[in-house]
Amino acid sequence: DVKVTQSSRYLVKRTGEKVFLECVQDMDHENMFWYRQDPGLGLRLIYFSYDVKMKEKGDIPEGYSVSREKKERFSLILESASTNQTSMYLCASSLVGTGDFQSFGPGTRLTVT
Amino acid sequence: AQTVTQSQPEMSVQEAETVTLSCTYDTSENNYYLFWYKQPPSRQMILVIRQEAYKQQNATENRFSVNFQKAAKSFSLKISDSQLGDTAMYFCAFMPYLYNQGGKLIFGQGTELSVKP
């Protein structure tokens, strides 16, 4: 089974801080994704990457950036955290083939105060 | 734009009974995939079932089955013989067929299902 891990389950940061969320997958998946999950809104795609050093904006990229220097690692960066970025952040990965389902990490609940 | 709608924010069912979760979607594409994901309380999101749009036969996985109505753009999930462990948030998701989309998923708002003893 694919294992997707995220660096923290819970994180509390102050407004204006730079925040790094790390995601690692161990099954050589080409695609990696970052979502945020908010009640009543479901999951919304922030960024995704289909190869090392490649990135594509999702539906809500504002205020976020990403980095993928190695195939197994995909980082989400909040350059200057704001209170409206308080949310659950989920990382996922999948093979490159069309229709392959995504495997998710456990999530990081970020609170910005 | 493609959208996925789950119109039931919360549902409950008695243990051992059957429940159906609704999902509708909007797309102009002919080829795509549909998924149901389950997120138990404080636990990881896992895949429940997957349907390819070009297949007329409804997918089944043990107690979970779907009713896929392509013309109506409807994709409901039926859970038979509900168990306490089925208590979770359920998400319906749509994936375009396009290879260069990198397997992007579009999610619905979620339905919180409670199974009562």
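The values are calculated or read from the model by the stated rules, or taken from the named source; none is laboratory data. As the structure is a computational prediction, the values presented were derived from the model and not from experiment. Methodologically, a virtual Cβ is constructed for each residue, glycine included, from the backbone with ideal geometry; neighbour enumeration extends over all protein chains shown. Quick note on the areas: whole protein, heavy atoms, side chains included, nothing else; ligands and nucleic acids left out. Shrake-Rupley method; radii C 1.70, N 1.55, O 1.52, S 1.80 Å.
Secondary structure note: in chain A, about 90% of the DSSP beta bridges are antiparallel. Contact with the other protein chains removes 50 Å² or more of accessible area, compared with the isolated chain and a 1.4 Å probe, from these residues of the stretch B:16-61: B:Q44, B:M45.
Each Lys or Arg adds one and each Asp or Glu subtracts one; over the other residues with Cβ under 13 Å from the Cβ of A:S49, this totals +3. Between B:Q69 and B:S42, the FRET efficiency from the beta-carbon distance, with R0 = 41 Å, is close to 0.75.
Here the accessible area is traced with a 1.4 Å probe on the protein chains. For the protein assembly as shown, carbon and sulfur cover 47 percent of it. With a 10 Å cut-off around each Cβ of B:106-112, the average count of Cβ atoms from other chains is 4. Distance between the C-alpha centres of the stretch B:42-111 and the stretch A:1-68: 22 Å, rounded to the whole angstrom. Beta bridges from DSSP with both residues in the stretch B:3-116: antiparallel share about 85 percent, rounded to the nearest 5. When you restrict to C-alpha pairs under 8 Å that are six or more residues apart and normalise by the size of chain A, the relative contact order lands at 36 percent. Please return the longest range in chain B lying between exposed loop sites, taking chymotrypsin sites (Phe, Trp or Tyr not before Pro), DSSP loop only, at most 16 other beta-carbon atoms within 10 Å, and leaving the sites out. Longest stretch, sites excluded: B:1-53.
Here is the interface size for A with B: some 1900 Å² of accessible area buried, both sides summed, with a 1.4 Å probe. Just to confirm a number: summing +1 for Lys and Arg and -1 for Asp and Glu over residues other than B:Q57 whose beta-carbon lies under 14 angstrom from that of B:Q57, what do you get? That sum, taken over residues with Cβ under 14 Å, equals +1. Relative contact order of chain B, taken over Cα pairs closer than 8 Å and 6 or more residues apart, is 37 percent.
The 3J(HN,Hα) values that the Karplus relation (6.51, -1.76, 1.60; θ = phi - 60°) gives for the stretch A:58-68 are, in residue order, x, 8, 9, x, 4, x, 10, 9, 9, 9, 9 Hz. Gly and Pro appear as x. Let me know the charge dipole size of chain A about its Cα centre in debye, to the nearest 20, where only the beta-carbon of Lys, Arg (+1) and Asp, Glu (-1) is charged. It works out to roughly 400 debye. Ordering B:N58, B:P40, B:G85 by Cα displacement along the dipole of chain B toward the positive end leaves B:N58 in first place; charges were set at the Cβ atoms of Lys, Arg (+1) and Asp, Glu (-1). The calculated FRET efficiency for B:Q83 paired with A:K3, based on their beta-carbon distance and R0 = 35 Å, is about 0.85.
Other residues whose C-beta falls under 13 angstrom from the C-beta of B:S80 contribute a net charge of -3, scoring Lys and Arg +1 and Asp and Glu -1.
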